[in-house]
Structures are given as C-alpha cells and as structure tokens.
Amino acid sequence: MRKKRLYIALFLVLSLVASCSRPARRQVRISDFVDEVRLKTTPVKDQGNNDLCWMYAMLATIESEHLMIGDSVNLSEDYLARMYLEEQARRTYLSRGSSSISLRGMGSMAVHLLQTYGGEPYDSYHAKDAVNYRVLSRRLQQMSKSAHTLDEFNHAMDEILNDQIEFMPQIVFMLGAQYTPLEFAHSVCREGEYVSLTSFSHHPFGESFMLETPDNVMRDTFENVKIDQLMSYIENALRSGHPVCWEGDISEEGFSFQKGTACLRDKDMKVDQEKRQLEFESLQTTDDHAMELVGIAHDEHGNKYFIAKNSWGEDNPYNGFMYLSFDYVKLKTIAVFMSRNAMNGKKIQNDGMRPIGKTDS
C-alpha cells in the first residue's frame, strides 16, 4: 500500500510539472510549404506584452526595403516608443490628466514618428530587458497628476525612462559618420516614400478617406482601391522585391501562431468585396495586429500563401514567421503600407531575394 501511494504521488507531481510547461512545438513536415519568393529581413523580434505591433511591422518593412538594395538597416522600436510616450505624457500633464496614454496605433504612425523625432539604429538604442510599456504608461499617467511644474515632470519622466529603457544618445554613429536622429531617420525613410492603402465600399474607390478604426489615432487617410486590385498590389510588390506592412484581423479561429498559419475555417467561402464589407461593418473584421509580409509560398495542393514576419519571438514551427492564406488576407486585411516604388511595380535591381525552395522548419 505504501509503495502504491508513492507511485500515485509521483504521478501527481509529474502531471503538475507537465501542466506548467510550455506546450511542445508542433512538428511540421518540411514539405508543408514551398517558398516562391522570400525577401531579406532583420532577425525576428519579440514585442512582449505591449501594443506596439504596428511599430514593429512598419519598421521591419522599412528595414527589408533597405536590405533588398544592399543597405544594412536595423531600427530601434524602443526609441520611437519612448518619443511617443514622452509626447503623450507631456500632453497628459498639461491637460491635467484629461487625456490618456496609449501606445496603440497603425503603421503610418511609425512613419510620422520617424519624420518628427528621428530614429536610432537598434544596436545604438534598445532595452536590455523587455519593457512593459503598458505598466510604464500607467506610471507616467499617475505621475502627471502629482508633478507641480513641467520641468519637474520632465525630469522625473527622464529618470523613469532612462531606468526602464536606456539613456538616450544624442548622436547616431553609422558607417563611420555622425548623424542626428532626424538626419538618420530621413536617410532611411523619406517623406512621402510610403503609401497607405485599404479597400472598403462605404467610401468611393479611387479616392482617399480617413479610416474609421480605433487605432487610427492620427486620423490618417488611406487610398481606397478594390480588393482584387489591393491583392495585386501586394503580390506584385513582393514579386518585385518590396516588403509590405499588413494590418488586419487575427481573432479568427484559423489564425494560430503556434501552428504558424492563418487560414479561413470555411475553405469554401467566397471572398469578395461584399463579404469583406459585411464582416467589417459587423465588427467581425477588426484591426487587431500588424505584421510584415516578406514572401509568397504555396502548399502541396497549390494553394497560395503570403509569408509574414511576426513580432512574437521565434517559438513557432517557422521560427517566428507565419503563412497566411491568400483568402485570409483578402478577407481580413484592414490596411497595407508599401513604398511608392512597390505600388508602381518598380522592381528592385539588387537581387536580395532568397532562392526558390522549400521553407525551413
């Protein structure tokens, strides 16, 4: 009896340990997908418990645009996040707490911030440990209510941000040259270089309108094109060597980072402009997440997929990348951002694309 109790206790301990462990990674056959186009990217990053996917995705898109022409560029998300935090925190202090601090946004916002505050290379400015920007935002919100002067508030804010992120460099050193953050940012992202596109029928096609999503906090306008044209822009951009920043809905059951895929549950669904509009107006398609599209692939049945670089770390079957089905992107896209050259179909001359072949597992 004593021996039996010992076995039972051991079983319970092992069960408890197993339940607290991260699930094992899914083993994927190397033939699951065949990459037709795969653009160069910087290493996959992890945004942590923060609302900064739009910044990670847009900066990754700018990075790949440069990598594809032979430039080595890796940009700091922490720098832009800090600049945007400071801007909002000062506004909150001056409005006596009537405005709130939030780091939600859209890809176009990252371009605005680069043009306004400049940028830093990733190696020059990034937090040694992951920063919980949600907690940091709440701390600054509370602090804005207790400071007596703006100088006092700025000093206290600098101390917190220097401690939680990193001390701010004043000069950017790159390839033996010195730049200010603004000079550096303008060298990697020119004004008007990127265009914002969407596809919804409650506004006229061929015109621009302010997209009515909660994350469009800067009230940016988007060029409205029909969905088939938008899909052509995306595919042609990638085949021409240009990355695309994608924003869309990931609340579908068919979206799984653990599996590394996103597919519609109903494979027989007809995806067209009317279906897109219905899902958007009924809030079944919402602006949940942003990723960089970096390639095109197909599965063993010939079904087409876009390859996306996510910002949730590398712990999935494709080392942080995902495969989004063509119909998933067609139905669930809120907006995309690409260089004007990509939209115009201008092919990148420097061949930075990976050879066609099977994907890594």
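Readers should treat all values here as calculations from the given coordinates under stated rules, not as data from a laboratory. No experiment lies behind these values; they were computed from the predicted model shown. Using ideal geometry, Cβ is built from the backbone for each residue, glycine included, and neighbour counts are taken over all protein chains shown.
When the chain is treated as a GNM with alpha-carbon contacts under 10 Å, the residue of S108, S251, S240 showing the greatest mean-square fluctuation is S251.
Under 16 Å of direct C-alpha separation, and excluding same-chain neighbours fewer than eight residues apart, K275 reaches these lysines: K226, K267, K330, K332. Modelled this way, with points 7 Å down the Cα-to-C-beta line, the labels at N344 and L283 are 4.2 nm from one another. Ellipticity at 222 nm from helices only: DSSP H runs of n ≥ 4 in the chain, each -39500 (n - 2.57), divided by the residue count, give -11000 deg cm²/dmol. Counting Lys and Arg as +1 and Asp and Glu as -1 over every other residue whose Cβ lies under 11 Å from the Cβ of S137, the net charge comes to +3. Computed about its Cα centre, the charge dipole of the stretch 42-160 is approximately 680 debye, with only Lys, Arg, Asp and Glu carrying charge at their Cβ. For the pair K270 and H112, a Förster radius of 45 Å applied to the C-beta separation gives a FRET efficiency near 0.75, rounded to the nearest 0.05. Principal axis analysis of the Cα atoms in the chain yields extents of 74, 63, 49 Å, listed in decreasing size. Other residues lying with their Cβ under 11 Å from the Cβ of G206 contribute a combined charge of -1, Lys and Arg counting +1, Asp and Glu -1. Taking all Cα-Cα distances within the stretch 230-361, those exceeding 20 Å account for 45%. Of G248, G70, G176, the residue with the greatest mean-square motion in the GNM of the chain, using alpha carbon springs below 10 Å, is G176.
Given +1 at the Cβ of Lys and Arg, -1 at the Cβ of Asp and Glu and no other charges, the dipole of the chain around its Cα centre is 1540 debye to the nearest 20. Taking only Cα atoms and a 10 Å spring cutoff, compute GNM fluctuations for the chain and point out the largest among S99, S76, S64. Among S99, S76, S64, the largest GNM mean-square fluctuation belongs to S99. As a rough guide to protection, the peptides 181-190, 332-341 ranked by mean Cβ packing within 10 Å, highest first, stand as 332-341, 181-190. With R₀ fixed at 51 Å, the C-beta to C-beta distance from S146 to K304 puts the FRET efficiency at about 0.35. Using a cut-off of 26 Å between Cα atoms, the listed pairs K270/K347; K45/K145; K40/K347; K259/K347; K259/K304; K304/K346 include K270/K347; K45/K145; K259/K347 as exceeding that distance. From the alpha carbon centroid of the stretch 87-123 to that of the stretch 151-200 is 11 Å.
Seen from I250, the other residues with C-beta closer than 9 Å to its C-beta sum to a net charge of -2, counting Lys and Arg as +1 and Asp and Glu as -1.
Diffusion of the stretch 145-298 by Stokes-Einstein, at 37 °C in a medium of 0.692 mPa s and with Rh set to the Kirkwood radius over alpha-carbon pairs, works out to 166 µm²/s. Please report, to two decimal places, log10 I(q)/I(0) for the stretch 37-128 at q = 0.14 Å⁻¹ as given by the Debye formula with identical point scatterers on the Cα atoms and no solvent. Listed by q, the Debye log ratios stand at -0.53.
Using the Cβ-Cβ distance between I171 and Q229 with R0 set to 30 Å, the FRET efficiency works out to roughly 0.10. Toward the positive end of the charge dipole of the chain, with +1 on the Cβ of Lys and Arg and -1 on the Cβ of Asp and Glu, the farthest Cα among L264, L113, L238 is that of L264.
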